[in-house]
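Asker: Structure below; questions to follow.
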Amino acid sequence: MEMRLFSVTFRTVFWRFFLFKDCAASMFSALQSKAQQIVQSLYGLDGVHISWERPQQTVFGDIATPVALQVAKRIKKHPNAIAGEIAERLSKEPSVDRAEAAGPGYVNVWLKPEVLIEELMRTREACTARDTRTEEHPVIVEYSQPNVAKPLGIHHILSTVIGQTLVNFYRHAGYPVIAWNYMGDWGTQFGKLAVAFKRWGEGKKVSECSIEELLALYVRFHDEAEQDPLLEEEARKTFVMLERGDEGVRAFWRDVVGVTKASLGHLYDRLHVKFDLDISESFYEDKMAPILEEGTKKNIFTKGEKGALIVEFSEESKLPPALVQKADEGTLYATRDLANLRYRIDTYRPERILYVVDVAQMLYFQQLFAIANLLQWKLPELQHVVVGRMRFADKKMSTRKGNILRLEEVLDEAVKRAGDLIKSRGDSIQSDDPQDLAEMMGVGAVVYGILSQNRQSELVFDWDRMLSYEGNSAPYLQYTHARARSVLRKADAGESIAFPQCIAALTEAERALVGTLQQFPHSLQEALSGHLPHHLTHYLYELCQSFNAFYNSEPILQAAEPQKTLRLALTALTATVLKCGAELLTLRVPDRM
Ligand code: ARG
């Protein structure tokens, strides 16, 4: 009974374990093969896969393995006894301080301090971006993609910051990347806006209008069209004029695109978002005909109702038919996306294309990729990086009617709240430039609030959580970074400090911090390979907690040598990792706060 209880608690401790199997680290791979040899010599067993886990608490060692449970499946012996035998052998290894049998068949291992510290080299290396060896076969990341003539709504921030973070991850890992903003600058909305502008624009020039004024006209169109259905017809005709190249409508369209781009530029700067290309939907206007022809020739595009062109998919794919050309021969969003894909393949020969787009377009992208396959194009890896919907914890925000909630307003509100927080903290927050700190904290809070949630689920927008000074938030990360920098300033120590050669023993808090620091390369890899930034935010949150626990329990500046150097080196590495991680997430961290 007692045993069972122990085993349950023991396992819960491992609820968030960490597999070292993809860390090519010398220390772990050496121990891995050593354990394999031990199993082979003790029990004559080959090919037992030995997985190492990182216990949540240092009382269970630096690393642990359930190897005895695996062995017990193949020979008749109690797992406890097996664990004891393996532990005894492992404890004789030069890198091992101590090894013990524990739980129902685990072996817990404590490593020598110098071994643990040497391993931190990998963490330091992971903070430097790898060189991009070649410009060939880039990864194209397409994100943000706002629709022209509308201001950036708060929802657009999701694709915008998640996309930029993925760009940063890939670049940091040494991949050639093309950051691509594919704006919606084509479509019937221009017909509507042009009609509204003619009627209610008060004779102003488009280039003198603000984006808000254009949006107000667009909203008015929709209101008035409810009473007057002729408006819709007029808008449709105006869009056809645009498609046919009518000079007046074209000029209007160009001006609207200009106003939109100018207003976006400022916002993107504030968010540290930067694109290599902004080739938008309109670019593909003259590139669709050959694709329609190809699809028709290959019998993939067939005539549907009233002469529209459609694509039907195989039964097992369960996809409903897709439309690629309207009955009036007008083209569609999907037609432009096919031309876009063809162009990307021909021009850049990418290895992979990521479309960072709202979950509402899931079916659409399945159809798009299926059409490309039916056309038998030689395709790069295509992925719709799904972004969940946003829900507001704050009732006032979610019930706001009429105009969409503008991103700029939200950022301004966040900066204001951050400013209030700084003031309310009085002397406990110090900054040479409180306005800049508020901007860093406010914008950071909103961005971090998004990136710290799994993008595949519903994302909750919650002021309290975002601006929390103690929780999984940007201010906490920024504060912890400033705290580490302040220690280093007081010690007159620079960015990087060498670890001491010889350390006899580590305290619990030191050991825990070392363990957390070691996980950085793995967390980064996990966030990149799954395209899941929240793995990195969670890691950084853990590092902050681990560092603060260390800071609160160990004297640093007052410690005797070599402990003092060790602690300063740990502090410096923490600051470096926090800064590197934050910047990958598009955030800034202050040196003082
Ligand atoms: N502009 C589109 C929208 O707001 C998103 C574009 C997504 N990307 C694409 N290649 N279709 O709905």
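Asker: For LYS274, work out the one condition from (1) within 16 Å of the ligand (Cβ to nearest atom); (2) closer than 30 Å to VAL446 by Cβ it doesn't fulfil.
Answerer: Single failed check for LYS274: (1).
Asker: When GLN367 is evaluated against the numbered criteria (1) in contact (Cβ under 8 Å) with a residue 24 or more places away in the chain; (2) buried (at least 17 other Cβ atoms within 10 Å of the Cβ); (3) within 11 Å of the ligand (Cβ to nearest atom), which criterion, by number, is the only one it fails?
Answerer: Just one mismatch for GLN367, condition (3).
Asker: Are there strands (runs of 3 or more DSSP E) fully within the range 348-461 with at least 2 residues that are under 28 Å from GLY530 (Cβ atoms) and among the charged types (D, E, K, R)? List them.
Answerer: Details: elements: 352-358, 381-387, 390-392, 459-461.
The strands (runs of 3 or more DSSP E) meeting that bar are 352-358.
Asker: If you go through the range 167-187, how many residues are assigned to a loop (DSSP other than H, G, I, E, B) and either farther than 24 Å from ASP255 by Cβ or of a type in the set (Lys, Arg) (or both)?
Answerer: Of the residues in the range 167-187, 4 are assigned to a loop (DSSP other than H, G, I, E, B) and either farther than 24 Å from ASP255 by Cβ or of a type in the set (Lys, Arg) (or both).
Asker: Continuing with the same structure: List the pairs whose first member sits in the range 177-199 and is closer than 27 Å to HIS137 by Cα, whose second member is surrounded by fewer than 19 Cβ atoms within 10 Å (Cβ to Cβ), and whose Cβ atoms are under 6 Å apart, counting only residues at least 6 apart or on separate chains?
Answerer: Partner pairs satisfying both residue conditions: VAL177/ARG171; ILE178/ASP276; ALA179/ASP276; TRP180/LEU277; ASN181/ASP278; GLY184/ASN147.
Asker: May I ask you to list pairs of residues, at least six apart or on different chains, whose Cβ atoms are under 7 Å apart, with the first in the range 228-248 being surrounded by 11 or more Cβ atoms within 10 Å (Cβ to Cβ) and assigned to a helix (DSSP H, G or I) and the second being among the basic types (Lys, Arg) and modelled with pLDDT of 90 or more?
Answerer: Close Cβ pairs satisfying both conditions: ALA235/LYS192; LEU242/ARG250.
Asker: Of the numbered conditions (1) in contact with a Gly (Cβ under 8 Å, 6 or more places away or on another chain); (2) β-branched (Val, Ile, Thr); (3) within 13 Å of the ligand (Cβ to nearest atom), ILE310 satisfies every one except a single condition; which is it?
Answerer: Unmet for ILE310, out of (1) in contact with a Gly (Cβ under 8 Å, 6 or more places away or on another chain); (2) β-branched (Val, Ile, Thr); (3) within 13 Å of the ligand (Cβ to nearest atom): (3).
Asker: While we're looking at this one, here's another question. Identify, by number, the condition in (1) assigned to a loop (DSSP other than H, G, I, E, B); (2) among the hydrophobic types (A, V, I, L, M, F, W, C); (3) surrounded by 20 or more Cβ atoms within 10 Å (Cβ to Cβ) that ILE556 doesn't meet.
Answerer: Among (1) assigned to a loop (DSSP other than H, G, I, E, B); (2) among the hydrophobic types (A, V, I, L, M, F, W, C); (3) surrounded by 20 or more Cβ atoms within 10 Å (Cβ to Cβ), ILE556 violates only (3).
Asker: Still on this model: Checking ALA149 against (1) more than 16 Å from the ligand (Cβ to nearest atom); (2) modelled with pLDDT under 95: exactly one of these is not met. Which one?
Answerer: ALA149 satisfies every listed condition except (1).
Asker: Could you tell me whether LEU532 is touching a helix residue (DSSP H, G or I) at 6+ places or on another chain (Cβ under 7 Å), touching a residue at least 24 places away in the same chain (Cβ under 8 Å) and not acidic (Asp, Glu)? Working first, answer last.
Answerer: On the way: touching a helix residue (DSSP H, G or I) at 6+ places or on another chain (Cβ under 7 Å): no; touching a residue at least 24 places away in the same chain (Cβ under 8 Å): yes; not acidic (Asp, Glu): yes.
No, not satisfied.
Asker: Quick one: GLU495 ticks every box in (1) surrounded by 15 or more Cβ atoms within 10 Å (Cβ to Cβ); (2) more than 19 Å from GLY61 (Cα to Cα); (3) of a type in the set (Asp, Glu); (4) more than 21 Å from the chain's Cα centre (by Cα) except a single one, so which number is it?
Answerer: It is condition (1) that GLU495 fails.
Asker: Residue check: is ARG489 basic (Lys, Arg) and closer than 18 Å to PRO113 by Cα?
Answerer: Against the criterion (basic (Lys, Arg) and closer than 18 Å to PRO113 by Cα), ARG489 does not qualify.
The values are calculated or read from the model by the stated rules, or taken from the named source; none is laboratory data. Because the structure is a prediction, the values reported are computed rather than measured. When we count neighbours, we look across all protein chains shown, and the Cβ atoms used for this are built from the backbone with ideal geometry, even at glycine.
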